[in-house]
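Notes to accompany the following structure.
The values are calculated or read from the model by the stated rules, or taken from the named source; none is laboratory data. Keep in mind the model is a prediction, meaning the values are calculated, not measured. Please note: Cβ atoms are built from the backbone with ideal geometry, for glycine as well, and neighbour counts cover all protein chains shown. Please note that ligands, DNA and RNA were not included when accessible areas were found on the heavy atoms of the full protein model with its side chains. Shrake-Rupley method; radii C 1.70, N 1.55, O 1.52, S 1.80 Å.
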Amino acid sequence: MTENPANAATVAKHETPISPDDITVIDPDMHKKSVRAAALGNIMEWFDFGVYSYLATVIGNVFFAGTSPSLQLVATFGTFAAAFLVRPIGGMVFGPLGDLIGRQKVLAITMIIMSVATFCLGLIPSYNSIGAAAPLLLLLVRLVQGFSTGGEYGGAATFIAEYSPDKQRGFAGSFLEVGTITGYLLGALLVTLLNYLLSTNSMLDWGWRLPFFVSAPLGIFGLYIRLKLEETPAFQAHIEKQEKDEKERGSRGVMALLGQNLGALAQCIGLVLLFNVSNYMLTAYMPSYLSDTLGLGDHASLLLVIVLMFIMLPMTALCGRITDTLGRRPVIALGAAGLIVLSYPAFLLITSHQIGLVFLGLLILGILHGCFSGTMPSTLPALFATDIRYSALAIGFNISVSLFGGTTPLINAWLVEKTGNLMIPAFYMAIAGVVGLVTIWTVKESAKRPLQGSHPAVHTHAEAREMVKESR
């Protein structure tokens, strides 16, 4: 694998000849391993968030006993949202570290912290056992989880993007979100199985802890896979070129980083807002909205979301592949416009209390979300150059997630409780669509193009020779 710095526009226009040494040839086996390793981390992260969301009612009873069911739900989602407040801090720590010591090492560190914290959540005594210390411990563990995940998504997206051929980056990146959906599915299936096998009292006493204990073997396996990876070709080439001033680059202040990339950071924040409002509305808030707010019952609500997630798995990968042909911008713009136009009709169907119509409404939102989940893992890393990609993406992504994504369940639960208006989530998603549509209008197309600061990346030497031939 070789890579030298080059101007992507020059290559694309064939204004000057290029040599084979100017092209990165990515080993297909390492490419597959990088995708699997990054997706495993997302499975681990979103398994935890999925379990927490699907057990929201139980967790509210365990840690916030003595309050009304609606207030328990708000308190549970408040603790859920609190983890997102520290994610930008995690991004500011792990992002620059990933640009200094490498993506692979930092992704291993975040995996360890995430696994240990999730396992510890299952060990916390209930409110009835230790009183107010229980929710405080829950908050502490959630903050540690949020800190570790602050370096996870940006690093994983960067890792896949830098290990992917230019013509397949959309499809490869989509598997990061396939990992997200898989994690949610595993969490939902496990919670559903426990609800079926255990009584309500058993779930409240000890059953809710079991899903969090599963994180230990998942984390160990994910760590093993990540430790066997090599560093990305883009980072290796960058380090070889920048070896003399590496310390200066690594110690660069966060404010300087933000100042030099304000435009790209604003684009990142806007796209992540669109992506994560849709994501957390469907995955984190919807189970409780269906069961508690609409009264459909836990089993029916979980089943509807599980079926939707199974449909979204291939849909996400398909959208990623489509963007490698049509481009990222048209697909994202279509999804954003769809949220503006279809969110209200979709929630009219969801609030109809007729299972078939409820699922149709969810399916509409799921299809629209596929436009984001299949494209964002390849779109966001392309906003930044190699030397700052991990830092800028981790910071921009987590600022947006902490302000808009992770707070989606809390804000919507609170607004629905205060106003009694069941259509609040529809308005919320439509506003996110407007922000996303405006943002994507300003973003340059990145499909089939090299990442900033990198030369073209291909899978085979034959492709490299053909590219050299075309440039002459």
- segment 23-60, residues that are among the aliphatic types (A, V, I, L, M), more than 19 Å from His459 (Cβ to Cβ) and open to solvent by 20 Å² or more (accessible area, probe 1.4 Å): Leu40, Ile43, Val58
- Item | Residue within segment 395-409 that is small (Gly, Ala, Ser) and open to solvent by 40 Å² or more (accessible area, probe 1.4 Å) present | no
- Message: Return the pair list, or none, for Cβ contacts closer than 9 Å from residues in segment 439-464 that are assigned to a strand (DSSP E or B) to residues that are surrounded by 22 or more Cβ atoms within 10 Å (Cβ to Cβ) and of a type in the set (Gly, Ala, Ser), at least 6 apart or on different chains.
- Response: Ala457/Ser164; Ala457/Ala234; Val458/Ala464
- Query: What are the residue pairs meeting all of these: first residue in segment 281-308, first residue within 19 Å of His369 (Cα to Cα), second residue open to solvent by 30 Å² or more (accessible area, probe 1.4 Å) and assigned to a helix (DSSP H, G or I), Cβ atoms under 6 Å, and 6 or more apart or on different chains?
  - Reply: Leu302/Thr192; Leu304/Phe359
- Message: Being part of a helix (DSSP H, G or I) and polar (S, T, N, Q) is the filter here; which residues of segment 403-413 pass it?
- Response: Thr408, Asn412
- Note on the structure: Phe63 passes all but one of the listed conditions (1) at pLDDT 75 or above; (2) under 25 Å from the mean Cα position of the chain (by Cα); (3) open to solvent by less than 10 Å² (accessible area, probe 1.4 Å); the exception is number (2)
- Query: Within segment 149-180, can you find the residues that are open to solvent by 10 Å² or more (accessible area, probe 1.4 Å) and over 15 Å from Ser446 (Cα atoms)?
  - Reply: Phe175, Val178
- Task: Give segment 94-129 a look and list any residue that's among the β-branched types (Val, Ile, Thr), closer than 24 Å to Val214 by Cβ and open to solvent by 20 Å² or more (accessible area, probe 1.4 Å), or say none.
- Result: Ile109, Ile112, Ile113, Val116
- Among Ala317, Ala300, Ala333, Ala346, which is the only one that is of a type in the set (Gly, Ala, Ser), open to solvent by less than 10 Å² (accessible area, probe 1.4 Å) and either within 22 Å of Tyr184 (Cα to Cα) or at pLDDT 95 or above (or both)? Ala346
- Among helices (runs of 4 or more DSSP H) completely within segment 287-402, the ones holding 3 or more residues that are over 30 Å from Leu265 (Cβ atoms) are 298-326, 328-350, 355-373
- Report whether or not Ala392 is farther than 20 Å from Trp46 by Cβ, open to solvent by less than 10 Å² (accessible area, probe 1.4 Å) and modelled with pLDDT of 95 or more. no
- Note on the structure: Filtering segment 210-225 down to residues that are open to solvent by 40 Å² or more (accessible area, probe 1.4 Å) and closer than 19 Å to Tyr127 by Cα yields Leu210
- Query: Within segment 333-352, is there a residue that is within 28 Å of Tyr196 (Cβ to Cβ) and not aliphatic (A, V, I, L, M)?
  - Reply: yes
